[in-house]
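Written out below as structure tokens is the structure these notes cover.
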Number of protein chains: 2
Amino acid sequence: MDQDIKSSKHIDISQEIRDDFYQVLYGRRDVRGQFLPDEIPDEVLTNILHAAHHAPSVGLSQPWNFILIRDNEQRKRIYDAFVEANDEAAQMFEGGRRSHYQSLKLQGILDTPLNVCITCDRERGGPVVLGKTHQAEMDLYSTVCAVQNFWLAARAENIGVGWVSIIQKEKLTELLELPENIVPVAYLCVGYVSEFLKKPELELAQWEKRLQLEELIYADKWGRKK
Amino acid sequence: MDQDIKSSKHIDISQEIRDDFYQVLYGRRDVRGQFLPDEIPDEVLTNILHAAHHAPSVGLSQPWNFILIRDNEQRKRIYDAFVEANDEAAQMFEGGRRSHYQSLKLQGILDTPLNVCITCDRERGGPVVLGKTHQAEMDLYSTVCAVQNFWLAARAENIGVGWVSIIQKEKLTELLELPENIVPVAYLCVGYVSEFLKKPELELAQWEKRLQLEELIYADKWGRKK
């Protein structure tokens, strides 16, 4: 009887649906080198944006905007800003690590038909937002939740996404003409792909290794093994 | 022929899998009031943590840790820190908005069998991390991607999650004994639920409204309607 009550409350999502969900989640990649120039149909893009817009947000403030960048001149200016930052970044690595860094393809700004900048309005919802009173960065974090929803929904639509963070935020702010209260949280390259890699590209390129999950888990406080 | 080639590249995720994915994504809620005390089986929790650990991270740095808080005394101390912050927060709202705020249930710290703090190690990956050279906050953003993966995977497992942000980070740092380089990004209440609400609780409570997606979309730069 207890088991029945428990079941009726918990079986909302079936094992089959769960398996399908995990197939999307584990199939998501940060795409840089496999983009195709194929246009994304409007209804597909709308599905992805709708999913992003239904991310959780602090006090339901929905602090995000979506700037869809297709203009070639605009993308070339942003690409130039990437190149400038990337050259600076390479100099921060030493020896073999530098040449390895320089061999990696780290963006697809001009390879995709669409770039998307997801921004955060630091003033959305007014001066006092429920849940933001003691952690002011919650609006930025909410925007990242929208980015992750966007990313996963894109994968569900068989579309690849790459997050370009090697770029000065001030430069993005200038080129996208963002007002003072608007922070560019994520600059995304979005497009169909020739393939989704089996593992993260930086793992395949032996840049970094997957950490062991068990080593990242503590009980009740920092450092106490469960 | 072209269509065939295109299809073979794009049909990885079928419409059925996509529909199942969206069912999880749109069924996710920020849960506060519907928690049950039922224990979460270890294998289910492992599924959720595994999904979080496979979030994207800057330079594959995987800057997250997961502190599983079950100890009652520890949770009571954290609950007290919430109450203190929440009383302060209520004073920031005026008139009817204040009494409305005070009527809302905003956490389930003691109602669930498990709380999880997801942290960010600002030093993970060493002094120079690929992709973090020009945007230092990328490790925090990566950790939020792990939070959103955790949240969605929990929903897929029919488990509710509520993010408690009405608490001083300094207090969390003290109670969880976090080292200086560790930031508590998300404090989550995690448990089975009596129901998942049809819409966000703050929308049902008429605290905030869903914004129109179309009004949040711009083309090529800020403010230009597409």
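Of note:
- Check on A:Ser99, buried (at least 21 other Cβ atoms within 10 Å of the Cβ) and assigned to a helix (DSSP H, G or I): no
- Residue count, the range B:14-39 (criterion: surrounded by fewer than 20 Cβ atoms within 10 Å (Cβ to Cβ) and of a type in the set (Val, Ile, Thr)): 1
- Check on B:Arg18, within 14 Å of A:Val24 (Cβ to Cβ) and of a type in the set (Lys, Arg): yes
- For the range A:130-177, a residue qualifies if it is under 15 Å from A:Arg28 (Cβ atoms) and polar (S, T, N, Q), and the qualifying residues are A:Gln148, A:Asn149, A:Asn158.
- Annotation note: Cβ proximity below 7 Å between a residue of the range B:162-181 that is among the aromatic types (Phe, Trp, Tyr) and a residue that is modelled with pLDDT of 95 or more and part of a loop (DSSP other than H, G, I, E, B) (sequence gap 6+ or interchain) occurs for B:Trp163/A:Pro56.
- Unique match (being of a type in the set (Val, Ile, Thr), at negative phi and modelled with pLDDT under 95) among A:Ile78, A:Ile5, A:Ile67: A:Ile5
- Top-ranked residue of the range B:62-91 - restricted to ones that are within 7 Å of another protein chain (Cβ to nearest Cβ) and closer than 30 Å to A:Gln107 by Cα, ranked as surrounded by the most Cβ atoms within 10 Å (Cβ to Cβ): B:Trp64
- Of all residues making up the range B:10-36, the number that are acidic (Asp, Glu) and not in a helix (DSSP H, G or I): 2
- Check on A:Ile48, in contact with a helix residue (DSSP H, G or I) (Cβ under 7 Å, 6 or more places away or on another chain), more than 8 Å from chain B (Cβ to nearest Cβ), more than 30 Å from B:Ala81 (Cβ to Cβ) and surrounded by 22 or more Cβ atoms within 10 Å (Cβ to Cβ): yes
- Output for the range A:177-208, where each listed residue is closer than 30 Å to A:Ala136 by Cβ and of a type in the set (Gly, Ala, Ser): A:Ala186
- Test: residue in the range A:165-183 that is farther than 21 Å from A:Ala81 by Cβ and either in contact with a helix residue (DSSP H, G or I) (Cβ under 6 Å, 6 or more places away or on another chain) or of a type in the set (Lys, Arg) (or both): no
- Residue in the range A:102-115 that is touching a Phe, Trp or Tyr at 6+ places or on another chain (Cβ under 6 Å), part of a loop (DSSP other than H, G, I, E, B) and aliphatic (A, V, I, L, M) present: yes
The values are calculated or read from the model by the stated rules, or taken from the named source; none is laboratory data. Just so it is clear, the model here is predicted, and its values are computed rather than measured. Positions of Cβ are generated from backbone atoms using ideal geometry, with glycine treated the same way; all protein chains shown enter the neighbour counts.
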